[in-house]
Amino acid sequence: MFDKHPRGVLLLGVLGVSVSAILVRYSQAPSVITAVYRLGWTVLLLLPMVLTRFRAELLRVKGRDVALCALSGLCLALHFLTWFESLKWTGVAVSTVLVSTEVIFTALGFALFLKGRIPPLGVWAILLAFGGSALLAVAGGGGGGQLYGNILALAAAIFVSLYTLIGKIQRGHLSTTIYTFLTYVFCFLALLVMAAGSGTPLVGYGGREWLIGLGLAVLCTLMGHSLFSWCLKYLSPAYVSAAKLCEPVFSGALAVPLFGEIPAPLQLLGAVLVLGAVLLYTKAEKDAE
């Protein structure tokens, strides 16, 4: 049923990840711990299904697929670490917008390495999206748009674009559940190594942080990233990344009543440009079908 409406599923995924920046802002634990809790909960929630309904497929997974999932998990871990940290230094709107420039890197990687084709109108949509994102970043935000936080957000965009491109390869022959489970397991392990390497204790932050991690796991990972991975079987990675550009609009709107981050007129204009770019890209891919 859902395979007939991949764009609707993609919208649900965007709504799910839009809560991520808000929950991370509420967290008072180190960034790596917030990420560890998020992925720990995610793996735990997926484990019963994997060991029952998908056990046979899991046992058939080849070594090459394990290696690619490990690489995908590492990229996702680095994405979470850099993005969560960026939210401590810059505003929600600015950080999420810069992370959403993933579409630029994903589209380029799709065309250069996966022999994908971006429709001419889609190129203009990407440029428009980049312009809207840049306008939002220049306009600043409640957190001040400090350079360090912006650089971290940009690095997070590069890492998540690599994760998206690997997902496009793997989703051609692996189910969403097995691909995401293996990726999340390796992501969790990578984050544990990062925490140990930095000497950051894994516990002692209170029950509130465990609940934030659970919320991130359910709303943002299972109902966000996992839905994106599912959509990669039916939609191009460039289109999936372009749709994610709606995230800063939704996150920025939530940040207004919660954190008092009132968007400036230039930010509102940037948000309109981003949404318009997504609609334009949608039209470009439909026309190309």
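Nothing in this text is a laboratory measurement; each read-out follows from the coordinates by a stated rule. As the structure is a prediction and not an experimental result, all values here were calculated from the model. Reconstructed Cβ throughout: ideal geometry from the backbone, glycine too, with neighbour counts over all protein chains shown.
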Full-extension gain in nm, Leu202 to Leu258, via 0.36 nm per residue minus C-alpha separation: 17.4 nm
Kirkwood-based Rg to Rh ratio, the chain, C-alpha trace: 0.95
Leu266 paired with Trp124, simple spin-label distance in nm, labels 7 Å along Cα-to-beta-carbon: 2.6 nm
Mean Cα-pair separation over length for the range 8-288, i.e. relative contact order, pairs under 8 Å, 6 or more apart, %: 40 percent
Alpha carbon centroid spacing (whole Å) that separates the range 20-65 from the range 79-129: 23 Å
Spatially proximal lysines relative to Lys283 (Cα-Cα < 29 Å; intrachain offsets below 8 disregarded): Lys4, Lys115, Lys168, Lys233, Lys244
Distance between modelled label sites at Leu12 and Gln28, nm, 7 Å Cα→Cβ extension: 3.6 nm
Phi to ³J(HN,Hα) by Karplus 6.51 cos²θ - 1.76 cosθ + 1.60 over the range 80-91, Hz, x for Gly, Pro: 4, 4, 6, 6, 4, 5, 4, 5, 7, 10, 9, x
Full-stretch length increase - Met223, Arg117 - with 0.36 nm per residue and alpha-carbon distance subtracted: 35.3 nm
14 Å beta-carbon shell around Ser133, net charge (K/R +1, D/E -1): -1
Square roots of five times the Cα gyration tensor eigenvalues for the range 227-289, Å: 27, 15, 6
Whether the range 66-222 is rounded, prolate or oblate, judged on the alpha carbon gyration tensor where a/c under 1.5 counts as rounded: oblate
Cα pair distances of the range 138-280 binned at 5 Å [whole percent]: 2, 8, 12, 17, 19, 17, 14, 8, 3, 0
Extreme residue, positive dipole direction of the range 8-288, given options Ala217, Leu78, Thr183 (C-beta unit charges): Thr183
